[in-house]
Amino acid sequence: RKSKSELYIVFVVTFESFKVTMRKKLKRISPAGYSGSYYLLSEWRDADEAGFDLLVTDGRQAWKCQVHRDSLHQMACDVDRDLYEYCAETRHALSLTTAEYSDEFDFEIKSAGPRLQLTWKKNIPGDDVKFKLGSLQLVACPNSGEVVCRMLDFTVEDIDQLQTTITDLEGENERLKKQTDNVLQRLDTCVTEKDKLEQDLFGKFKVLINSKKSRIRQLKLQGGSCLLALTAREVL
């Protein structure tokens, strides 16, 4: 059984690992007018407003770009947004899964020689309106295979982390289930003991009531006998 300090250390390490994992996000997009898919690996720096690195591949070619604070500030100004708000929304757009972003963002990709233009637009619910949230120009990577391997490495690490989390949660769930079963068993025992106690108290109360009734009848009989005797004396 782990001590509280050991449990705290395990929690901190797990939480820190989770935070590190969440700095990276791999997602798949299906741009308008393109039958295939592109894969985006975004890696944000310690503070979102500090910028991020982006890798994009279609499985054959790969492109990259680095976005710094100044670039983010300019992009935020272009759409009249606060820097922190814009960074949060941009990270949101580049992190959602395919099912999540399908109704919220649209992506467009244009390829021109060694460069790739990635644009994302935000959908306004109910108005059928889209506005351009951001656009980046990426340059071709000299070795596309390394980019694909990097994405695969991230995927494997992410799966391993999720599997560890699942295993930990399953163990915790099993522990809680045993505790719940133990509590229910103790509750059943308490209910049984309560029923026995109630029956015992009811039996004693019944005996007490019957004895009181018997005593009252005796007193009534004694009182009646005394009254008859007194009446007889008065007649004599």
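The values are calculated or read from the model by the stated rules, or taken from the named source; none is laboratory data. Since we're looking at a predicted model, the values are computed, not measured. Cβ atoms come from the backbone with ideal geometry, glycine included; neighbour counts cover every protein chain shown. Note: areas computed on protein heavy atoms with side chains; ligands, DNA, RNA excluded. Shrake-Rupley method; radii C 1.70, N 1.55, O 1.52, S 1.80 Å.
Points to keep in mind about this one:
- Test: residue in the stretch 123-133 that is at pLDDT 90 or above and open to solvent by 80 Å² or more (accessible area, probe 1.4 Å): no
- Annotation: of all residues in the stretch 1-44 being open to solvent by 90 Å² or more (accessible area, probe 1.4 Å) and either in contact with a Pro (Cβ under 8 Å, 6 or more places away or on another chain) or hydroxyl-bearing (Ser, Thr, Tyr) (or both), the one that is modelled with the highest pLDDT is SER35.
- Failed item, numbered, when PHE154 is tested on (1) in contact with a Leu (Cβ under 7 Å, 6 or more places away or on another chain); (2) not in a helix (DSSP H, G or I): (2)
- Selection of the stretch 75-90 for residues being of a type outside the set (Phe, Trp, Tyr), open to solvent by 100 Å² or more (accessible area, probe 1.4 Å) and not in a loop (DSSP other than H, G, I, E, B) yields only ASP78.
- Taken over the stretch 149-174, the criterion of being open to solvent by 80 Å² or more (accessible area, probe 1.4 Å), in contact with a helix residue (DSSP H, G or I) (Cβ under 9 Å, 6 or more places away or on another chain) and at pLDDT 90 or above is satisfied by ASP168 alone.
- Test: VAL191 is at pLDDT 90 or above and either surrounded by fewer than 10 Cβ atoms within 10 Å (Cβ to Cβ) or not polar (S, T, N, Q) (or both): yes
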